[in-house]
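Peer 1: Encoded as structure tokens, here's the structure I'll be asking about.
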Amino acid sequence: MTNAPNPHVFDATAATFEDTVIRKSLETPVLVDFWATWCAPCKTLGPILEKLAAEYHGAFVLAKVDVDKEQELAAAFQIRSVPTIAVVKDGQLLGAVPGALPEGQLREMLKQVGIEPAAAPVEDAVAQAAPIDPHQEVLRLRNLAEAEPDKAEHQLDLALALLQIGAAGEAEQLLDALPANLATDDRAIKARAKLGFAALLKDAPPAEVLETALARDPGDLRARHLLGVRLLVAGDAEAGLAQFIEMLRRNKAFGDGLARKTLIDAFRVLDDDDLVSRVRRQMSALLLV
């Protein structure tokens, strides 16, 4: 759990605490992760905190304190159980939260103390712009999950990647096996919602066949619906929603209001609030016509 290859994560000791935590917190908030090698929940929480530290791009730094090695620090913070997360900001302790919180609650906790994700460095943005082959990503995550079977977050990442290539059955098995703290994670909840869409694709033609069908007959709303679902499950939400909007434009009553129902279900699983708001307005305008 220590020595993570992340510039925003470091080990804190009694000797370095004043400089690396207290003084550092005057310019950047510091989360202090009190953990122990024998603590099973710590093995779940630690990697999630490290992932958030990377995703927030320096909006906070993560100081990791092994309570067995740093009993003086643990006593100073009155740590009674591990894991416990303490927040230090502007040189002051804002509070300490015991237990392995799920990722969604951790994000909310950060928001409550005024910590929002920072913009990615330019070099990171360029790297992120490069397209990722979803099948290669599944292979990478499968190897990672096999190499580190005790890290359940890898199973969640793999389940999400499997959903993108349409492997809903295996994704569902992985989601079912998640520990309780990850099963209530926002990403896991939305992944389960996506399984409902993925179930619609059982025995459905591939995207290329559906696109050919629409090129031949743009009014084939059944094919358009399946293509929209395929795009949504594959991660191209905007293109998928566009298909449902086109269905609505062509025939609001088709399939007992299938387009409207599908759009509403899609809004529940998407993270892009701007996209949802824009498409919701389009839907409302078409329904009023």
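The values are calculated or read from the model by the stated rules, or taken from the named source; none is laboratory data. This one's a predicted model, so the numbers in the text were calculated from it and none came from an experiment. Note: ideal-geometry Cβ built from the backbone for every residue, glycine included; neighbour counts use all protein chains shown.
Peer 1: Regarding Ile245, is this residue in the same structural domain as Leu163 (by TED's automatic domain parsing), surrounded by 14 or more Cβ atoms within 10 Å (Cβ to Cβ) and in a helix (DSSP H, G or I)?
Peer 2: Answer is no for this residue.
Peer 1: Can you tell me which residue in segment 208-241 is nearest to Ala191 (Cα to Cα), limited to those that are free of Cβ contacts under 8 Å to residues at least 12 places away in the same chain and in contact with a helix residue (DSSP H, G or I) (Cβ under 7 Å, 6 or more places away or on another chain)?
Peer 2: The qualifying residue nearest to Ala191 (Cα to Cα) is Ala239.
Peer 1: Shifting gears a bit: Counting only residues that are under 15 Å from Arg280 (Cα atoms) and crowded, with 16+ Cβ neighbours inside 10 Å, how many does segment 226-241 have?
Peer 2: Number of matching residues: 3.
Peer 1: Let me ask something additional. Name the residue that is surrounded by the most Cβ atoms within 10 Å (Cβ to Cβ), counting only residues in segment 133-163 that are charged (D, E, K, R) and in a helix (DSSP H, G or I).
Peer 2: My answer is Glu153.
Peer 1: Can you tell me which residue is modelled with the lowest pLDDT among those in segment 164-180 that are within 18 Å of Leu45 (Cα to Cα) and surrounded by fewer than 20 Cβ atoms within 10 Å (Cβ to Cβ)?
Peer 2: Ala180
Peer 1: Which condition breaks for Gly46 when tested against (1) surrounded by 15 or more Cβ atoms within 10 Å (Cβ to Cβ); (2) of a type outside the set (A, V, I, L, M); (3) more than 29 Å from Ala152 (Cα to Cα)?
Peer 2: Gly46 satisfies all of (1) surrounded by 15 or more Cβ atoms within 10 Å (Cβ to Cβ); (2) of a type outside the set (A, V, I, L, M); (3) more than 29 Å from Ala152 (Cα to Cα) except (3).
Peer 1: Does Val229 qualify as being modelled with pLDDT under 80, in the same structural domain as Val276 (by TED's automatic domain parsing) and farther than 23 Å from Arg107 by Cβ?
Peer 2: When the stated conditions are applied, Val229 does not pass them.
Peer 1: Exactly one of (1) at pLDDT below 90; (2) more than 15 Å from Val30 (Cα to Cα) is unmet by Ala76. Its number?
Peer 2: (1)
Peer 1: I need the helices (runs of 4 or more DSSP H) fully contained in segment 1-119, keeping only those with at least 3 residues that are within 29 Å of Glu148 (Cα to Cα) and free of Cβ contacts under 8 Å to residues at least 40 places away in the same chain.
Peer 2: Qualifying helices (runs of 4 or more DSSP H): 103-112.
Peer 1: Would you check if there is a residue in segment 107-121 being at pLDDT below 90 and either over 25 Å from Thr20 (Cα atoms) or touching a Gly at 6+ places or on another chain (Cβ under 9 Å) (or both)?
Peer 2: For segment 107-121, residues at pLDDT below 90 and either over 25 Å from Thr20 (Cα atoms) or touching a Gly at 6+ places or on another chain (Cβ under 9 Å) (or both): present.
Peer 1: Taking segment 208-262 only, how many residues are hydroxyl-bearing (Ser, Thr, Tyr) and farther than 25 Å from Leu162 by Cα?
Peer 2: Final tally of qualifying residues: 1.
Peer 1: Another question, if that's okay. Looking at Ala223 and the list (1) buried (at least 17 other Cβ atoms within 10 Å of the Cβ); (2) small (Gly, Ala, Ser); (3) under 27 Å from the mean Cα position of the chain (by Cα), which single condition is not satisfied?
Peer 2: Single failed check for Ala223: (3).
Peer 1: If we keep just the residues of segment 248-269 that are under 23 Å from Pro134 (Cβ atoms) and crowded, with 21+ Cβ neighbours inside 10 Å, which is farthest from the chain's Cα centre (by Cα)?
Peer 2: It comes out as Thr262.
Peer 1: State all residues of segment 201-220 that are exposed (fewer than 15 other Cβ atoms within 10 Å of the Cβ) and under 20 Å from Asp256 (Cβ atoms); if no residue qualifies, say none.
Peer 2: Gly219
Peer 1: Okay, moving on. Evaluate segment 242-257: report whether one residue or more is closer than 20 Å to Ala168 by Cβ, free of Cβ contacts under 8 Å to residues at least 40 places away in the same chain and out of contact with any Ser or Thr (no Cβ under 8 Å at 6 or more places or on another chain).
Peer 2: yes
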